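One structure is given here, and the rest of the page talks about it.
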Amino acid sequence: HETTSMDDDQWLCCEYCGNRFNTTDHTPLLLDQCGHSVCRSCVELVIAFQFRASSSSCPFKPETAASAAVPAAQEQQQQQHCWAVACATCSIVTHIPVEAACVTDGMKPNRAILDALAEREKPAMCSVCHTPGVGPLFDCAFCFSTVCEGCWDKMHITPAMQARHSKIPHTSAPPTEVNNKCSKHKKTFKLFCVTDSTLVCSVCAFSKQHQGHNVVPIEEHLGSASQQLEPLAHQLEEKQTKMAATVNTIEHEITEINKAHEEFDADLVQATKRLKDLLQSRCDSLLARSQMLRKERGKHINKR
């Protein structure tokens, strides 16, 4: 079994056999009566078990809702010419016409699950340049973005930003499941309390805790928040552009200073060499003159 231990992947697995849905033998098929899904292999196996009326053992171990519904399903398919598949989650029975060329022709695939599987199989790409296959990707724990090596350097151009932002190698692991239900009333969060800046359910909105508070639908709050963040995003982008231009200017000035420093060092070496040669020539000249004067003095002494 290709089972998974992650809670957020359970809806991508068949409730009967536990195998992960795919586009071949474990294609997710909708049960019309309840809306849950079961894989193609399990549907064929359940119907094959009903077809073998002499068999007394259920093909699934341990016992599931399908095995409990088999006797009633056999009687019902004989009367109505339909196969019966009981949902392993809610035990509601869905009927499939016997006249279908294939036992699964009468069932529709669950497009939501197939789309989710296809989305997870897509290769990750940089959220800035949107270029697939650009090399290793990195997650920023501060920006909550996934970027390539080149875009990381463009986004984090100063040492201060590089110190605050954590560079984490990107993995294709699915995100953890987000708790979108009220822990007290077990209802889905659909409202936002602007006063307390928190998500609330429909029951919490009318409680004493939020009485008199500004409570709006989540979609409305997201729209207003997006409008407020849009100018800030533009300002941040402009500041980032100016900062990048300033960094480029500073880097150019540093390059020019280094170039001037190298030229000064070369000129200093040449000037030192010329001065050394001049001093050496002067010393040689003085030494030669001193020797000549000594010879002339010696001649005068000898004449006396």
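The values are calculated or read from the model by the stated rules, or taken from the named source; none is laboratory data. Model, not experiment: these values are computed from the prediction. For neighbour counting, all protein chains shown are included, and Cβ atoms are generated from backbone atoms with ideal geometry for every residue, glycine included. The protein model used for the area step is the full one, side chains on, heavy atoms only, and it has no ligands, DNA or RNA in it. Shrake-Rupley method; radii C 1.70, N 1.55, O 1.52, S 1.80 Å.
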All lysines inside 28 Å of residue 181 as judged from Cα atoms, apart from same-chain residues fewer than 8 positions distant: 190, 208
Accessible area of residue 249 in the full protein assembly, 1.4 Å probe (Å², nearest 10): 70
Long-range tail of P(r) for the range 178-255 (Cα pairs > 17 Å, %): 61
For the range 222-304, projected area of the alpha-carbon convex hull averaged over all directions, nm²: 7.5
The range 227-304 and the range 15-47: distance between their alpha carbon centers, rounded to Å: 81
Efficiency of FRET between residue 228 and residue 130 - r from beta-carbon atoms, R0 30 angstrom, step 0.05: 0.70
Full-extension gain in nm, residue 195 to residue 285, via 0.36 nm per residue minus C-alpha separation: 22.8 nm
Nearest-0.05 FRET efficiency for residue 245 and residue 268, computed from C-beta distance (R0 30 Å): 0.30
